[in-house]
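The next block holds one structure in the form of structure tokens; read it before the comments.
The values are calculated or read from the model by the stated rules, or taken from the named source; none is laboratory data. Bear in mind the structure is a predicted one, so any value in this text is a computation, not a measurement. With ideal geometry, Cβ positions are generated from the backbone for all residues, glycine too; neighbour counts draw on all protein chains shown. Protein only, heavy atoms only, side chains kept; ligands, DNA and RNA dropped before computing areas. Shrake-Rupley method; radii C 1.70, N 1.55, O 1.52, S 1.80 Å.
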Amino acid sequence: MELYLIRHGIAEDKGLGIKDEERSLTKEGRQKTEKVAQKLVKLGLNFDLILTSPLVRARQTAEILIAEKLSSQLEESSYLAHDGQISSWLKDWLEPRNYSQNTQLALVGHEPDLTSWAEILLWGEVKASLVLKKAGMIGIKLPETGSPLGRSQMFWLTPPKYLL
């Protein structure tokens, strides 16, 4: 299985009197995210499912991916909101669904959670060494059997500037 961890696009600044969970993508954030999504289409990507954080900026990013036809299925998951735990997501959400090995899932969320999830999948612990820019993506291949924690392989780490 391949997981594509996608950070939401550029959003309104914190502290403008807007609740964090209601912060929207900026005009620039929408435009860059649309260009990134169009490039992903040109690269031949197609996700079986896009799973998004319920926060507005992540949901808007996921909707752009859907609009560009990167998937026809979109679901929200509270696991992708701030401080979601990958071990809980794996146990409670992913394992019961029993996806096939050739499944491609896109997870749209936030920092530092997405890089923490990636590092736990890759090394079994958070090392704070990966950087995921807004509208950037990390691709991780999960092993066919056993726990993916500390046993997965990264095959993609792209900042958006290389997709624009």
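Quick notes on this one:
- Options Gln38, Gln60: the member that is over 25 Å from Tyr99 (Cβ atoms), touching a strand residue (DSSP E or B) at 6+ places or on another chain (Cβ under 8 Å), in a helix (DSSP H, G or I) and not basic (Lys, Arg): Gln60
- With respect to being open to solvent by 50 Å² or more (accessible area, probe 1.4 Å), in contact (Cβ under 8 Å) with a residue 24 or more places away in the chain and either closer than 17 Å to Lys133 by Cα or aromatic (Phe, Trp, Tyr) (or both), Lys69 falls outside the description.
- Top-ranked residue in the stretch 85-112 [being of a type outside the set (Gly, Ala, Ser) and surrounded by fewer than 14 Cβ atoms within 10 Å (Cβ to Cβ); ranked as nearest to Ser71 (Cα to Cα)]: Asn102
- Criterion violated by Thr61 - all others in (1) crowded, with 18+ Cβ neighbours inside 10 Å; (2) touching a residue at least 24 places away in the same chain (Cβ under 8 Å); (3) within 21 Å of Lys141 (Cβ to Cβ) satisfied: (3)
- Note on the stretch 18-32: among residues that are within 19 Å of the chain's Cα centre (by Cα) and part of a helix (DSSP H, G or I), the one that is surrounded by the fewest Cβ atoms within 10 Å (Cβ to Cβ) is Glu22.
- Restricting the stretch 41-57 to residues that are free of Cβ contacts under 8 Å to residues at least 40 places away in the same chain and part of a loop (DSSP other than H, G, I, E, B) leaves a set whose member that is most open to solvent (accessible area, probe 1.4 Å) is Leu43.
- Flag if Glu76 is acidic (Asp, Glu), in contact with a Pro (Cβ under 6 Å, 6 or more places away or on another chain), surrounded by 14 or more Cβ atoms within 10 Å (Cβ to Cβ) and at pLDDT 95 or above: yes
Yes or no, residue by residue, for (1) free of Cβ contacts under 8 Å to residues at least 40 places away in the same chain; (2) over 14 Å from the mean Cα position of the chain (by Cα):
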{"site": "Pro96", "(1), (2)": "yes, yes"}
{"site": "Thr103", "(1), (2)": "no, yes"}
{"site": "Asp113", "(1), (2)": "yes, no"}
{"site": "Ala118", "(1), (2)": "no, no"}
{"site": "Gly124", "(1), (2)": "yes, yes"}
{"site": "Lys134", "(1), (2)": "no, no"}
{"site": "Gly150", "(1), (2)": "yes, yes"}
{"site": "Trp156", "(1), (2)": "no, no"}
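- Within the stretch 136-146, if we keep just the residues that are surrounded by 13 or more Cβ atoms within 10 Å (Cβ to Cβ) and in contact (Cβ under 8 Å) with a residue 24 or more places away in the chain, the residue that is farthest from Ser100 (Cα to Cα) turns out to be Gly136.
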